[in-house]
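**Student:** Take this structure, written in structure tokens, and hold onto it; I'll ask about it next.
None of the figures in this text is laboratory data; all of them are computed from the coordinates on show. Quick caveat: nothing in here was measured; it's all calculated off a predicted structure. We place every Cβ from the backbone using ideal geometry, glycine too, and count neighbours over all the protein chains shown.
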Amino acid sequence: MTLALQNLTSPALMANGSDEDRGTERGVATKTRPKTKKPSQYRVILLNDDYTPMEFVVALLMGIFKRSQEEATQIMLDVHKNGIGICGIYTFEVAETKVAQVLDAAKRGGHPLKCTLEKS
């Protein structure tokens, strides 16, 4: 009783030799994923003016930026002494929202406080 063996080796391999003879490797083809880059970061900056009370700025920093009393006071003093103070570094959307919150709170309080963002 003989069994017919069909297609145990491909004709290409039989004609050209085995995979190892041709220097090719066998394995699983994988698809490389593109690396995602980290989102750009933006600094939220308070600008000094001669009219907004220091207490208001400290309260704003504690409320919007979740800073401690000490951190808020230090940032407020940076604004007072240097003309600007960095409130925090965030992704664009978060920074944009925080700037809008500061400007809205200043307007509601009747203060001319200015706030902006810049790329880190």
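**Student:** Test of understanding: what is the full-extension gain from Asp104 to Lys81, defined as 0.36 nm times their sequence separation minus their Cα-Cα distance?
**Tutor:** That works out to 5.9 nm of additional length.
**Student:** May I pose another question? With a cut-off of at most 11 other beta carbons within 10 Å, and DSSP calling the residue loop, which chymotrypsin sites (Phe, Trp or Tyr not before Pro) in the range 26-99 qualify? Please list them.
**Tutor:** Passing both the DSSP loop test and the Cβ count: Tyr51.
**Student:** Over the residues of the range 22-120, compute the C-alpha Rg and express it relative to 2.2 N^0.38 Å.
**Tutor:** Taking N as the residue count of the range 22-120, the ratio is 1.70.
**Student:** Would you mind getting me the FRET efficiency between Phe92 and Lys31? Use the beta-carbon distance for r and R0 = 35 Å, nearest 0.05.
**Tutor:** 0.70
**Student:** Trypsin sites (Lys or Arg not before Pro) within the range 61-96: which are DSSP loop residues with at most 15 other Cβ atoms inside 10 Å?
**Tutor:** Those that pass, being in a loop and sparsely packed, are Lys66.
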